[in-house]
Amino acid sequence: MDQLNSNREQWGSRLGFILAAMGSAVGLGNIWRFSYVTGENGGAAFLLVYLLCIIAIGIPIIMAEFTIGRKAQSDAVGSFEKLAPGKPWILAGFMGVASAFIILSFYGVIAGWTVKYFFSYLTGGFSVQNDEAYADVFVGFITSTYEPLFWQFAFMAITVGIVFVGVKKGIEATNKILMPLLAILVVILAGYSLSLGGASEALSFLFTPDWSKLADPNVYLAALGQAFFSLSLGMGALITYGSYLSKKEQLPGAALGVAALDTGFAIIAGLMIFPAVFAFGIEPGFGPGLVFITLPGIFDSIAFGTLFGLAFFFLLAAAALSSAVSLLEVAVAYFIRKFSWSRQKASLIVGGIIFLLGIPSSLGIGPLSDITFFGKDILDSMDFIASNILLPLGGLIIALFMGWGWKKTDALAESDFGDTAIGHAWIFTLRYFAPIAIFLIFLASTGLLDL
Ligand code: PHE
Ligand code: NA
């Protein structure tokens, strides 16, 4: 089917597309990354900047990606080739494919941890003497050499398996049931976590801004990167998914729905993690391991905790899977078209390379922990380059392409906005606001612009 460009797959239904885009968005970014980045950047002030980035930059660029993908009916690179042959916009496509490789390489490592935790609960959970011991168990696991690689491999193998079978069959079905279940579970756990005694500290950490934090330019860059990462934005994942879409859909509703769900998930995940963080006396800025040391404490203290742990890590791994599938699909769709490979061949080769690329990220936590860049280990460096630099830069180019590279009337028509006030506001945002905001945040984080 996909080998022939003339006969590309399409989503089975309108619901199928929205579910897939939501499945791409909702993942480790909402729970693992959101909580630790929020913790590291001081809570409420960061959250506020993050929400502004979602509304004023994220949603308009989601719309641009959907519009480009549906119009071009091609992959992240091909879409630019088709719509603007010979123009430099295509750089955003190549950066997107590169980002897919980089992000999935470390995403597979963290997702592997969730699979490992799922299996731990399957075999009865963790038996430790006190809450601090969860950190020891976790650190012992991630700093070991082979075990994390095993779980990373297991996760990547399933991801490759799904992309191997094909977008429609592989993705549409999975999300329909598991994502709502994860949402319900996170809400229940948030309710329970809020009863643990850390609620008031957590609520003020999350919702009462310490304005002095806004003087730190890195807070803005972290919020921008988190917004792009969480929305699966700036690398053509949403172009690629939009390309499997027929002309009948209404894009603005879909874009808003994806952003609202993704953001809602993150905030409720925050309400699940932070009350427990304060109740257990964990440092909010603990870093990437935050959820892995906090949640076992919750499961330990709740009735049927092993069952909750089992369900939670299963559903989190499933959410990570639908995001990983969208990352792999960006690269695979490109290689299928570019080299006329079969879907099967492309998934195996690209997936294999990405697994290998992820090995240093995993080892960098343990045996290779001496290797750091600006104080960051290998995984954090990969994440920083992709999420805080490549994605916003890709988004910047996509915004400029849609805003300046298209005739305004075409952009308005193809986006389903039509000649409306909100459509004109959208074009204005793409032309001026989003590019300037992203540029200023970059500039500030280099220290060249004083806040
Ligand atoms: N948005 C996903 C998450 O939050 C990660 C992702 C980033 C997926 C970029 C696709 C592209 O987990
Ligand atoms: Na997300």
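Is segment 169-183 home to any residue that is part of a helix (DSSP H, G or I), charged (D, E, K, R), away from ligand 2 (no atom under 16 Å from the Cβ) and touching a residue at least 40 places away in the same chain (Cβ under 8 Å)?
yes
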Legend entry - Residue in segment 105-132 that is surrounded by the most Cβ atoms within 10 Å (Cβ to Cβ), counting only those that are in a loop (DSSP other than H, G, I, E, B) and of a type in the set (G, A, S): G125
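Has segment 23-43 got at least one residue that is open to solvent by 30 Å² or more (accessible area, probe 1.4 Å), within 30 Å of L440 (Cβ to Cβ) and either part of a helix (DSSP H, G or I) or within 16 Å of ligand 2 (Cβ to nearest atom) (or both)?
yes
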Inset, instruction - Would you tally the residues in segment 303-328 being in contact with a Phe, Trp or Tyr (Cβ under 9 Å, 6 or more places away or on another chain) and either open to solvent by 30 Å² or more (accessible area, probe 1.4 Å) or modelled with pLDDT under 90 (or both)? - result: 6
Inset, instruction - Please enumerate the residues belonging to segment 413-436 that are in a loop (DSSP other than H, G, I, E, B) and open to solvent by 30 Å² or more (accessible area, probe 1.4 Å). - result: D416, F417, D419, T420
Legend entry - Search result, residues across segment 75-102 that are of a type in the set (F, W, Y) and without any contact (Cβ under 8 Å) to a residue 24 or more places away in the chain: F94
Inset, instruction - Consider only pairs whose beta carbons are under 6 Å apart and that are at least six residues apart or on different chains; among these, list those whose first residue lies in segment 382-396 and is within 21 Å of I68 (Cβ to Cβ) and whose second residue is open to solvent by less than 50 Å² (accessible area, probe 1.4 Å) and more than 13 Å from ligand 1 (Cβ to nearest atom). - result: P392/L224; P392/I438; G394/A92; L396/P435; L396/I438
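Right, L149: surrounded by 14 or more Cβ atoms within 10 Å (Cβ to Cβ), of a type in the set (A, V, I, L, M, F, W, C) and in a helix (DSSP H, G or I) or not?
Taking the combined requirement at face value, the residue satisfies it.
State yes or no: is T67 more than 15 Å from ligand 1 (Cβ to nearest atom), touching a Phe, Trp or Tyr at 6+ places or on another chain (Cβ under 9 Å) and not hydrophobic (A, V, I, L, M, F, W, C)?
Considered against the rule, which asks whether it is more than 15 Å from ligand 1 (Cβ to nearest atom), touching a Phe, Trp or Tyr at 6+ places or on another chain (Cβ under 9 Å) and not hydrophobic (A, V, I, L, M, F, W, C), T67 comes out as yes.
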Legend entry - A331 vs. criteria modelled with pLDDT of 95 or more, closer than 30 Å to A72 by Cβ and surrounded by 22 or more Cβ atoms within 10 Å (Cβ to Cβ): yes
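The values are calculated or read from the model by the stated rules, or taken from the named source; none is laboratory data. Source: prediction; values computed, not measured. Every residue, glycine as well, gets a Cβ built from its backbone with ideal geometry; the counts of neighbours run over all protein chains shown. Ligands, DNA and RNA are excluded from the accessible area calculation, which covers all protein heavy atoms including side chains. Shrake-Rupley method; radii C 1.70, N 1.55, O 1.52, S 1.80 Å.
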